[in-house]
Amino acid sequence: MQTSFSLAQLADPNIAEADKILRACVHCGFCTATCPTYVLLGDERDSPRGRIYLIKEMLEHGRPATKDVVTHIDRCLSCLACMTTCPSGVHYMHLVDHARAHIEETYRRPLLDRLMREFLVRVMPYPRRLRLAMLASAIARPLAPLLSLIGLKPLAAALRLAPRGAPAAMTGTGTHPAAGTRRGRVAVLPGCANEALMPSITQSTIRVLNRNGIEAVLPPDVGCCGSLEHHAGREAGAFAKARANIDAWTREIEEQGLDAILVTLSGCGTTVKDYGFMLRNDPAYAAKAAKVSSLAKDVSQYLARLGVTSAAAKPLTVAYHSACSLQHGQGVHREPKELLAACGFTVKEVPEAHLCCGSAGTYNILQPEIAGRLRDRKVANIEKTRPDVIAAGNIGCIAQIASGTAIPVVHPVELVDWATGGPVPERIQKRA
C-alpha cells in the first residue's frame, strides 16, 4: 500500500511503525474471510482491509478520529485472525493499537460510553474491586432486561456475564516450593480476572508445577499486565503497569533466576510477550522489557515442554476452544491439545475454530449484540462435537461460552491438575 506521510510525521516512531505496517499490505483481501465482524456484517469497513484504509486516512492527514471511524475500529475484536491469514505479514495488532491511542487522544465519546469505559478501567484490573462489582452484579442481575430496554446494553451485558456464585479464596503471593528435587523456577502471573472469578486456575497451575519439581513464585508487586488499558488506547496507564511488572520480574531474574514467566490468561500472555515492542522507545526499560517478553510463555507451552503426562486415563471428551489471543496472537496451537491428550482426555476439534467467541477482553460488554451472535455461533459449533466438558485457555472465553451453554467450561490446566493428582474441577464434579 502506498503511503504519503511527511518527513515530520515519520520522525514520530509510532507513525514510522504505522507506515511500515501499512506499506506491507497488498490489498489482497485474504483477511476478510477470517474476520468475524466481516463474516457477520459483510461491510468492508468492518474488515481488516477496510479498517486499514480508515486508519491510513486518519493518520496520514493527521485528522482527529471521526464518529464513523471510531464505530468501525470499536467493532474490531483484536482477535488477530487476520494476522494468521495474511500472506504479507501485516502486523495489524500494532496498527490498530496505535489507532486506538489516536482515538483516545482526539475523539470525545458520548457520555454513557465514557462512563462505562472509565468504570471498566478502574475496576477490572483490580481483583478485589472486581469481586465487589461481581457481588453487586449478582444482586442487580434481574434488572438486566430493563437496562437493555432503556439503552444501557453494555451494563446489562456486564450483569449477565457476572458469575452466580461467590468465587473461592484468591491465591497467596510469595514462593510455592517444588515437591522433591527442584527442576526449575518460574514466575506465575495470577491475572486480575482469574483471581476475581476463577482463582482455581492459578492454584491448579501451582499444584501441577510443584508436583513436577518446579518452584512457582508470585511476586507481590506484580499486578495487571496493562492489556485492558492498552487496547482501550490508554497507553500511559498500560505502560505504567507494564513497567511495574517488569521491575518485579527483573528482581526475581537477578536474585534467584527464572526459567520462564507463565501466563494462564492468553490475552495477558499476548500483551506480556509484546512488552518488548511496547517499551522499545524507553531507554530505561527497552532491554528489560525485551528480556521479560522472551521469558513469557503460556502455561500450556511450558507444561508440554516439561513433559507432563498421566497414566490414569480420564473418560471425558473435551472440546478444546482455542482462544484467539493464543492461536492468533501467540501462534500457540498444538500444545494445549497435546497436553490434554497426554493426560488421558479425548480431545475434539471445534468447527470454525479460527472464529472468535465474542469475548475479546471487554468486547462482550461494549459490543454486546455482535458478541452475542459470535457466542451463539461458537456454542453451536462446540455442541456439534458432543463434549463432556469444554476447555479454554482464557478466562474471558470461559465466561463468554459458559453464558451460552450448559456444558461446563474450564481451563485446560484444571484438567491437567486433576489428571495428575489434583482435585476434580468444581465445574465438572457432577460429570466426573
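Quick note: the coordinates plus some simple rules give every number you see, no bench work behind them. These figures come from a predicted structure and were not determined experimentally. Positions of Cβ are generated from backbone atoms using ideal geometry, with glycine treated the same way; all protein chains shown enter the neighbour counts.
List the residues whose amide H sits under 5 Å from the amide H of residue 348, counting only those 5 or more places along or on another chain, with H placed 1.01 Å from N in the peptide plane.
Long-range HN contacts for residue 348: 318, 319, 320.
Between residue 146 and residue 6, what is 0.36 nm times their sequence separation minus the Cα-Cα distance? Round to one decimal in nm. Provide the component values of the computation, followed by the final result.
Details: separation 140, 0.36 × 140 = 50.40 nm, distance 5.11 nm.
Result: 45.3 nm gained on full extension.
Over the chain, what lengths in whole Å, largest first, do the semi-axes of the equivalent ellipsoid take, defined as the square roots of 5 times the eigenvalues of the alpha-carbon gyration tensor?
Details: eigenvalues 223, 134, 91 Å².
After scaling each eigenvalue by five and taking roots: 33, 26, 21 Å.
Which of 271, 71 comes first, and how do the rest follow, when ranked by fewest Cβ neighbours within 10 Å?
So the residues, fewest neighbours to most, are 71, 271.
How many nm separate the modelled label positions at residue 211 and residue 373, each set 7 Å beyond the Cα in the direction of the Cβ?
Here the answer is 4.3 nm between the modelled labels.
Using alpha carbons only, how many angstrom separate the centre of region 87-113 from the centre of region 261-301?
One Cα centre to the other: 21 Å.
Cross-link list 56/273; 241/297; 273/348: which exceed 22 angstrom alpha carbon to alpha carbon? Walk me through the intermediate numbers first.
Values: 56/273 26 Å; 241/297 19 Å; 273/348 28 Å.
Pairs exceeding 22 Å: 56/273; 273/348.
Given a Förster radius of 35 Å and the C-beta distance between residue 63 and residue 384 as r, what FRET efficiency does 1/(1 + (r/R0)^6) yield to the nearest 0.05?
Using R0 = 35 Å, I get an efficiency of 0.15.
Any lysines with Cα under 29 Å of the residue 153 Cα? List them, leaving off those in the same chain fewer than 8 positions away.
67, 378
Which are the unpartnered cysteines of the chain, meaning those with no other cysteine Cβ under 4.7 Å from their Cβ?
Lacking a cysteine Cβ partner under 4.7 Å: 25, 28, 35, 76, 86, 192, 224, 343, 357, 397.
How far apart, in nanometres, would the label points at residue 424 and residue 16 be if each is projected 7 angstrom from Cα along the Cα-to-Cβ direction?
Here the modelled spin labels are 6.0 nm apart.
Among 177-183, 314-320, 130-136, 222-228, how do they line up by average Cβ neighbours within 10 Å per residue, starting with the highest?
Top of the packing list down: 222-228, 314-320, 130-136, 177-183.
Going by amide H atoms built from the backbone, whose H comes under 5 Å of the H on residue 176, apart from near neighbours?
Amide H neighbours of residue 176: 216, 217, 218.
At 0.36 nm per residue, minus the direct Cα-Cα distance, what do residue 23 and residue 88 gain on full extension? Give it in nm, one decimal, please.
Full-extension gain reported as 22.4 nm.
Taking 7 Å along the Cα-to-C-beta vector as the label spot, tell me the residue 349-residue 317 distance in nanometres, rounded to one decimal.
1.6 nm
Helix-only mean residue ellipticity at 222 nm, the chain, DSSP H runs n ≥ 4 weighted -39,500 (n - 2.57), per residue, nearest 500. What is it?
After summing the helix terms and dividing by residue count, I get -15000 deg cm²/dmol.
Which distance in Å, rounded to a whole number, links the C-alpha centroids of region 359-402 and region 183-245?
Between the Cα centres of region 359-402 and region 183-245 lies a distance of 23 Å.
For residue 240 and residue 181, calculate 0.36 nm times their separation in residues minus their Cα-Cα distance, and state this gained length in nm to one decimal.
Extra length available between residue 240 and residue 181 comes to 17.5 nm.
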